[in-house]
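The values are calculated or read from the model by the stated rules, or taken from the named source; none is laboratory data. Please read these numbers as outputs of a predicted model, since none were measured by experiment. As a convention, Cβ positions derive from the backbone with ideal geometry for all residues, glycine included, and neighbour counts pool all protein chains shown.
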Amino acid sequence: MFSNVFADITNADGKPVFMGKNINIKLKDIEQNDNDSKIPLAFKEFKIDAKEVHIGVNEFYQINADQIFAANKTLDLRKFHLQPIQKPENYNAKNIFDFSSERLLATDFNISKDSLIVSDITFTHPDLKVTSTGKNIVEKDKNPKEVEMKIGLKNIDFQKGKIAVLQANKDKTASVDNFNFKLTNIVFDKNTVKEKIPFRFTNHDIEADNIYFKANNLQALKIKKISSRNSNIIVEKFQMIALGKSAHKDLFNVTTDEIKIINNKTKYIGQKLNIQFDGLEVKTPDIKVISATQKSKPKKGKSETPEFNAKLGFIKISNGKISQSSLGKEKLAVGKFDIQLNNIVSNNEQLKKICQSISQVI
């Protein structure tokens with residue numbers, strides 16, 4: 001037991017290992033674990049409160065919190081911040097993460113040597129910044145440690161959050177201004193960590209506003225609002241925007257009033273994406289194609305499209321328009337079209353053939 005302790009522990013480089021004020025700690029039945037791939041300490045009862053806490057996670061990240069309170073299986077962090085502490089070029093990683101939250105509240109918090117189980121976690125005003133280091137290849141450990149513990153979360157709730165993804169030159173490639181996100185029955189263990197999505201979950205609901213994604217220097221996407229309820233997804237005011245001009249690539253300007261995905265069951269099976277939903281409805285799409293005048297021949301090589309299988313009950317496009325132009329002159333226009341397709345199946349090879357056929361027509 002420690003009462004009203006002030007701590008200021010630094011390493012040989014002067015970086016904080018643990019700093020805090022007004023620290024009170026009470027732990028019962030402490031067990032130490034010698035296995036580095038599991039949780040190092042476990043205890044049956046705990047009570048911790050402290051202010052102005054700084055914890056050195058490693059040489060690259062630090063955790064800060066204005067206040068920590070933990071008791072009766074509840075963990076409450078105020079102004080939590082996982083902060084990168086070095087220059088981007090020093091990280092042996094493709095991305096750097098900077099995550100903060102006004103409050104992190106976890107209830108029914110149970111920790112043992114082999115598992116961490118939490119019934120509910122709420123993040124209030126979470127703010128995630130992901131910055132690219134510009135590195136395409138990172139060095140992997142010769143003997144990476146196997147994850148031998150289980151993390152289970154019954155419910156996780158992100159409230160009024162925002163996200164920004166930046167390139168090494170600080171150019172914004174993606175952002176979300178305001179999102180609310182719920183996941184149910186999440187499991188992270190030694191099996192899920194090897195998958196493309198390193199955890200499993202039963203269900204999810206999401207609401208997000210003002211979504212922006214820059215695919216490359218020529219195209220970007222904007223979405224006014226996206227919402228998901230009971231496996232149904234609604235996308236409002238979708239836009240694909242041409243950012244410049246190109247003589248070698250076709251560019252697209254696309255707007256839609258609404259896109260609706262009905263009963264989405266999409267998930268990864270192993271390393272393959274299994275796209276499955278009952279229906280896709282697209283309302284009032286307006287598609288403008290700006291054709292390239294000097295198209296480059298596609299380079300032979302492995303496709304960058306991830307492996308997938310797709311099965312859709314139907315696709316319905318209503319009240320659509322399409323036009324094609326080249327060098328400022330209109331070559332093709334359809335003033336109104338409606339499309340209904342039923343029982344659609346596809347995969348990588350079929351998609352490749354379709355894209356080749358469309359390219360030849362355009």
Taking ASN110 as the residue in question, decide whether it is modelled with pLDDT under 85 and not hydrophobic (A, V, I, L, M, F, W, C). yes
Please name all residue pairs, on different chains or six or more residues apart, with Cβ atoms under 7 Å, provided the first residue is in segment 167-186 and is under 25 Å from VAL118 (Cβ atoms) and the second residue is at pLDDT below 85 and not in a strand (DSSP E or B). LEU183/PHE201; THR184/PHE201; THR184/THR202; ASN185/PHE201; ASN185/THR202; ILE186/PHE199; ILE186/PHE201
Condition first: at pLDDT below 65, on the phi < 0 side of the Ramachandran plot and not in a strand (DSSP E or B). Can you find one or more residues in segment 148-168 that meet it? yes
